[in-house]
Amino acid sequence: MAAWLYFSKDYSAGLRKRRVSQVGQKLVTMRTRIKEFRAKHNFTQEKLADMVGVRRETIIFLEQGKYNPSLKLAYNVAKALKTTIDEIFIFDD
């Protein structure tokens, strides 16, 4: 069966959420803190994109929760922002 995606915004925390589910599986929510970490390092979306080898639009979609990154991209983003994957991409069960 195909997976479905639902996007919402957690206004209280200012974090984007992505809910991913497959038939017969538990609903999982993923939040991203890229924008927060990017601001700490004074990186523009374009600078971060150049650092990890993607287009600026990819960073925008990651921040908005509209793109599910590969493990390699998640690792590269975390490394560029001097943190860990689980600090940037938070999965709530």
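The values are calculated or read from the model by the stated rules, or taken from the named source; none is laboratory data. Bear in mind that the values here come from a model prediction, so they are computed numbers and not experimental data. Backbone-built Cβ (ideal geometry, glycine too); neighbour counts: all protein chains shown.
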(request) Hey, can you tell me all the residues within the stretch 60-93 that are touching a Ser or Thr at 6+ places or on another chain (Cβ under 7 Å) and either β-branched (Val, Ile, Thr) or buried (at least 16 other Cβ atoms within 10 Å of the Cβ) (or both)? (result) 62, 63, 65, 67, 78, 88, 89
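Results for (1) of a type in the set (Val, Ile, Thr); (2) at pLDDT below 95, shown as yes or no for each residue.
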{"site": "23", "(1), (2)": "yes, yes"}
{"site": "38", "(1), (2)": "no, no"}
{"site": "44", "(1), (2)": "yes, no"}
{"site": "53", "(1), (2)": "no, no"}
{"site": "68", "(1), (2)": "no, yes"}
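Loosely packed, with under 15 Cβ neighbours inside 10 Å and modelled with pLDDT under 95: does that describe residue 57?
On the way: loosely packed, with under 15 Cβ neighbours inside 10 Å: yes; modelled with pLDDT under 95: no.
Spelling it out, it is not the case that residue 57 is loosely packed, with under 15 Cβ neighbours inside 10 Å and modelled with pLDDT under 95.
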